[in-house]
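Scroll down for the structure; my scribbles are underneath it.
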Amino acid sequence: MPAARLIACHDCDLLQREVPLPAGGVATCSRCGAVLYRNSRGGRQTALALTLTAALLFAISNLYPLVSIESQGNRHATTLFGAVLTLWHEHSALIAALVFVTTLLIPALELLNMAVLLAVPRPSAALLRITLAVQPWAMVEVFMLGVLVSVAKLAHLATIVPGVALWSFGALTLLFAALTATFNPHELWRSVPVANSHAGS
Ligand SMILES: [Zn+2]
């Protein structure tokens, strides 16, 4: 049997011995009750499947129009990137940059990193660290909420036709939530080669 690993509680610093968990189990600190780590159901294979599905939906969300607006016989369709460009040209550079970073750049980076981390047997500590650092900046759901509010407000001014990307974005929002629940950084840290894992755990 391998020697038991030690884990420090991130809330109270109590050093404890790791125990194997059943699927869906959660280990809590024996002093303060904080969650130390969990063994998510399905594990890595499920997380990888969810990541690849999310990547596909992300591609569809960016290739197809988000919404079409019909007003006085004119029809105008825009993709997400088209919306970013319009914002940029209308002197809303800051908002354009924010939308680009939180809705396009970071989610793309996150999905790519996660696919690599989950697919290789010995993921790199640096990649895992980057992925965990960028995760909070992916705000697909905030963007989705903004789009829905705008669509509802514009509905009485023009005819709004939801595009393919709007539906795939909706599904992507749900997938990101499922992915967050399944992605298990603790398990990945354990599979990081020991030589470069000491600084990051
Ligand atoms: Zn504790």
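The values are calculated or read from the model by the stated rules, or taken from the named source; none is laboratory data. Since the structure is predicted, the reported quantities are computational estimates derived from the model, not experimental observations. Because the Cβ atoms are built from the backbone with ideal geometry, glycine has one as well, and the counts that use them run over all protein chains shown. The accessibility values were calculated without ligands, DNA or RNA, using every heavy atom of the protein model including side chains. Shrake-Rupley method; radii C 1.70, N 1.55, O 1.52, S 1.80 Å.
Counting the residues of the stretch 152-174 that are in contact with a helix residue (DSSP H, G or I) (Cβ under 8 Å, 6 or more places away or on another chain) and in a helix (DSSP H, G or I) gives 9. Selection of first residues in the stretch 32-47 that are in contact (Cβ under 8 Å) with a residue 40 or more places away in the chain and more than 16 Å from the ligand (Cβ to nearest atom) and of second residues that are among the aliphatic types (A, V, I, L, M) and part of a loop (DSSP other than H, G, I, E, B), restricted to Cβ pairs under 7 Å at least 6 apart or on distinct chains, gives the following pairs, ordered by first then second residue: N39/L21; N39/A23; R41/A23.
Among the residues of the stretch 1-14, which ones are near the ligand (Cβ under 10 Å from one of its atoms) and either open to solvent by 90 Å² or more (accessible area, probe 1.4 Å) or not in a loop (DSSP other than H, G, I, E, B) (or both)? Those that are near the ligand (Cβ under 10 Å from one of its atoms) and either open to solvent by 90 Å² or more (accessible area, probe 1.4 Å) or not in a loop (DSSP other than H, G, I, E, B) (or both): A8, H10, D11, D13. The numbered conditions (1) within 13 Å of the chain's Cα centre (by Cα); (2) open to solvent by 50 Å² or more (accessible area, probe 1.4 Å); (3) among the polar types (S, T, N, Q) are all true for S150 except (1). Taken over the stretch 103-147, the criterion of being open to solvent by 20 Å² or more (accessible area, probe 1.4 Å) and not in a helix (DSSP H, G or I) is satisfied by V120, P121, R122, S124, M139. With respect to R75, is the statement that it is basic (K, R) and assigned by TED's automatic domain parsing to the domain that holds L166 true? Yes; evaluated as a whole, the condition is true for this residue. For A177, the stated conditions do not hold, so it cannot be described as touching a helix residue (DSSP H, G or I) at 6+ places or on another chain (Cβ under 6 Å) and surrounded by fewer than 18 Cβ atoms within 10 Å (Cβ to Cβ).
The lone criterion from (1) aliphatic (A, V, I, L, M); (2) within 16 Å of the ligand (Cβ to nearest atom); (3) touching a residue at least 60 places away in the same chain (Cβ under 8 Å) left unmet by A55 is number (2).
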